[in-house]
Amino acid sequence: MTRYLKFVFVLLISFVFLFGNSNGNSKYSLVLKGEFTQGSILFAEVNGVSQEAKGTVTFNNNEYDFENDKNTLFTSIPVGLPTKPGDYKVDVNIEENGNKYSFSRTISIKSKSYGTQQLWMSEDQLAKYDNPQADRDNDAILEALKSDVEDIEWESQFIKPVQGRTSTGYGLRRYYNDDPEPEFHKGIDIASWNGYNVVAPQNAIVVMAKENLILHGTVIVLDHGRGVGSLYLHLGSISVKEGQYVKQGQVIGTIGSSGASTGPHLHWATYSHGVPVNPWQLFAVPSSWIK
Ligand SMILES: [Zn+2]
C-alpha cells in the first residue's frame, strides 16, 4: 500500500513537472528582453514558428497580439508606471496549422522611482484641464496610439526626434495643489527653439496629425509597429499627412509652443499598446528587432 502511494505520488509530481511548468505542452518558449521595472517596455519574441503561426501574449490582465515576421512572433509589452511590484504570469497562446500551444512564465517586476514634483496651479489653469473638449482630444489621441500597423521594418535604433536638453523627465510623479493622487509625466520634455525641425525617430505610419488642440496644441501620433507608438505635442507646424509612411530622420514638423505650453519645447512620449513607456529604452532595443 505505501509503495502504491509512493508510486502515485511520484506520478503526480511528474505530471505537475511535465504539464504544470512553463513550457508544459509547447515546443516553443517566450523570450522577453528589457528592464523588468515599472514604466518599462518589454520586447517579447517566440522564435522558430511557421509563417502561418499567430498568437497572443497576456500580462497583467491585458492581451496583446503577436505580429509574425519571418518565422518569429514579435510584440512589445508595457509595464505601466502604476504596476504593483511583484510576480506576474505572462501567458502565451499560439495557433499554428491547427495546433494550439499554451505556455507561461513568471516574471518579477521591481519598483522604479522617477522622482516627484509639487506643482501649484491657478483655478484658471485647472479649468483648462476640466474642459470636456480636452477629454475628447485625449480619447482621440489614445485611440490613435492603439493603432496596430504591421510590417514596419526598424532600420536601426530609435533616434531623438529633436536635439536639446531634457527639461522634464519621464515618469515624474507630479502632485497638483493638494490633490494626493499624482499625475505621471508620460513622456520627456525637450527644450528647443521655435521652428527647429522635429524628425521621425523610427520608420512609421502617421496615424494622427491635428492642429491646435486645447491642451496639447498641434499634435502628431506615429505608429512604429509591434505595438510601439510615439506622440509629439505643442508643435509649431506639421509637414506630414495622416496615413503617410515616414522614414527614420524624415522631418514631420517643427518645434512650437502650441496649446497649454509655457515655452518652445517638444513633449515626446513613447507607448506600447497605448501605455506610456520609458523613451530611453527605445535607444537600446534588442538587435533581433532591427532588420
Ligand atoms: Zn511634457
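Some observations on this one:
- Number of the condition not met by GLY39 [criteria: (1) open to solvent by less than 100 Å² (accessible area, probe 1.4 Å); (2) modelled with pLDDT of 95 or more; (3) under 19 Å from VAL92 (Cβ atoms)]: (3)
- Scanning region 163-188 for residues that are aromatic (Phe, Trp, Tyr) and out of contact with any helix residue (DSSP H, G or I) (no Cβ under 7 Å at 6 or more places or on another chain) gives TYR175, TYR176, PHE184.
- Test: PRO264 is crowded, with 18+ Cβ neighbours inside 10 Å, under 24 Å from ILE77 (Cα atoms) and either hydroxyl-bearing (Ser, Thr, Tyr) or within 16 Å of the ligand (Cβ to nearest atom) (or both): no
- The lone exception for ALA200 - which of (1) away from the ligand (no atom under 13 Å from the Cβ); (2) touching a residue at least 60 places away in the same chain (Cβ under 8 Å) it fails: (2)
- If the condition is being touching a Phe, Trp or Tyr at 6+ places or on another chain (Cβ under 8 Å) and assigned to a loop (DSSP other than H, G, I, E, B), then region 261-291 contributes PRO264, HIS273, ASN278, VAL285, PRO286, ILE290, LYS291.
- In region 171-194, the condition of being within 13 Å of the ligand (Cβ to nearest atom), closer than 30 Å to ASN62 by Cα and over 20 Å from the mean Cα position of the chain (by Cα) is met by at least one residue.
- Strands (runs of 3 or more DSSP E) fully within region 31-113 counting 3 or more residues that are small (Gly, Ala, Ser): 99-109
- Filter result for the condition that a residue is basic (Lys, Arg), closer than 27 Å to LEU42 by Cβ and modelled with pLDDT of 95 or more, over LYS186, LYS146: LYS186
- Elements of the type strands (runs of 3 or more DSSP E) sitting completely within region 143-253 and holding at least 2 residues that are farther than 27 Å from PHE66 by Cα and open to solvent by 30 Å² or more (accessible area, probe 1.4 Å): these cover 166-168, 173-176, 204-213, 228-238.
- On the stretch given as region 88-105, residues that are open to solvent by 30 Å² or more (accessible area, probe 1.4 Å) and under 20 Å from the mean Cα position of the chain (by Cα) total 3.
The values are calculated or read from the model by the stated rules, or taken from the named source; none is laboratory data. Model, not experiment: these values are computed from the prediction. Note that each Cβ is placed from the backbone with ideal geometry, even for glycine, and that neighbours are counted across all protein chains shown. To get the accessible areas, we keep the full protein, side chains included, count just its heavy atoms, and leave off ligands, DNA and RNA. Shrake-Rupley method; radii C 1.70, N 1.55, O 1.52, S 1.80 Å.
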